[in-house]
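Asks: Quick one: structure below, then a few questions.
The values are calculated or read from the model by the stated rules, or taken from the named source; none is laboratory data. These figures come from a predicted structure and were not determined experimentally. Cβ placement follows ideal geometry from the backbone for every residue including glycine, while neighbour counts extend to all protein chains displayed. What goes into the accessible areas is simple: the full protein's heavy atoms, side chains included, and nothing from ligands, DNA or RNA. Shrake-Rupley method; radii C 1.70, N 1.55, O 1.52, S 1.80 Å.
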Amino acid sequence: MGWKAAEKLIRHWKILRGDNVMIIRGKDKGESGLIKRVIRSQNRVIVEGKNLVKKHIKQGEGHTGGIFSIEAPLHVSNVQVIDPVTGKPCKTGYKYLEDGTKVRVSRGMYASGAVIPRPEILKERKKPRPTSDGPKDTPIEHVLEKTYDAKAGIGMPDL
């Protein structure tokens, strides 16, 4: 399970973290689950509780060794988003509503054409934004200070 970059990366991802998907190929074919992680550099996704493999881990400082079951990544072409209305796997497309918002819709043979909602897990950030200023942050007074005025000639370089 070494790291390997994909030969041809997918530019526009239609599958997001938190989506309910069905596995359409492989040993877990026909099972559904939530996407836990998206690995864009490899065109792969990790589905929660699916595609389990045995991993041998050597004992080290602070942890015990043994044989553990972990979730292995699946190629993105082996999963499809589940249509919220029919409950069957479908392709996804994009559509603009009357108010101008861009939404994902189900499309394909067994699709209802319904809007696929954006997963709630995407609203929370994995790494929260810092709330306090760090040592390298510029104070807001210096940011808003006007240091250049073309009409008065202030801040002009001497040539």
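Asks: Considering only region 103-147, how many residues are in contact (Cβ under 8 Å) with a residue 24 or more places away in the chain and under 19 Å from residue 37 (Cβ atoms)?
Replies: 5
Condition check ((1) in contact with a helix residue (DSSP H, G or I) (Cβ under 6 Å, 6 or more places away or on another chain); (2) farther than 19 Å from residue 17 by Cβ; (3) at pLDDT below 95; (4) among the charged types (D, E, K, R)) across all residues:
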{"residue": "57", "(1), (2), (3), (4)": "no, yes, yes, no"}
{"residue": "65", "(1), (2), (3), (4)": "no, yes, yes, no"}
{"residue": "85", "(1), (2), (3), (4)": "no, yes, yes, no"}
{"residue": "88", "(1), (2), (3), (4)": "no, yes, yes, yes"}
{"residue": "107", "(1), (2), (3), (4)": "no, yes, yes, yes"}
{"residue": "110", "(1), (2), (3), (4)": "no, yes, yes, no"}
{"residue": "118", "(1), (2), (3), (4)": "no, no, yes, yes"}
{"residue": "121", "(1), (2), (3), (4)": "no, no, yes, no"}
{"residue": "125", "(1), (2), (3), (4)": "no, no, yes, yes"}
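Asks: Do we have residue 138 as exposed (fewer than 10 other Cβ atoms within 10 Å of the Cβ), modelled with pLDDT of 85 or more, over 28 Å from the mean Cα position of the chain (by Cα) and in a loop (DSSP other than H, G, I, E, B) here?
Replies: Judged against the criteria, residue 138 is a match.
Asks: Looking for whichever is on the phi > 0 side of the Ramachandran plot and within 21 Å of the chain's Cα centre (by Cα) here; the options are 66, 18, 62, 30. Which one fits?
Replies: The conditions single out 18.
Asks: Kindly indicate the residue of region 14-34 that is out of contact with any helix residue (DSSP H, G or I) (no Cβ under 9 Å at 6 or more places or on another chain) and open to solvent by less than 50 Å² (accessible area, probe 1.4 Å) and also nearest to residue 126 (Cα to Cα) among those meeting that condition.
Replies: Only one residue fits best here, namely 19.
Asks: To continue, here is another question. Among the residues of region 106-121 satisfying the criterion of being assigned to a strand (DSSP E or B) and among the hydrophobic types (A, V, I, L, M, F, W, C), which is least open to solvent (accessible area, probe 1.4 Å)?
Replies: Among residues in region 106-121 that are assigned to a strand (DSSP E or B) and among the hydrophobic types (A, V, I, L, M, F, W, C), the one least open to solvent (accessible area, probe 1.4 Å) is 116.
Asks: Step by step: first the residues of region 68-100, then only those that are open to solvent by less than 30 Å² (accessible area, probe 1.4 Å) and part of a strand (DSSP E or B), then the one that is nearest to residue 54 (Cα to Cα). Which residue is that?
Replies: 74
Asks: Just to check your reading of the model, which residue among 45, 103, 53 is of a type outside the set (Gly, Ala, Ser), assigned to a strand (DSSP E or B), open to solvent by less than 80 Å² (accessible area, probe 1.4 Å) and farther than 17 Å from residue 23 by Cβ?
Replies: 103
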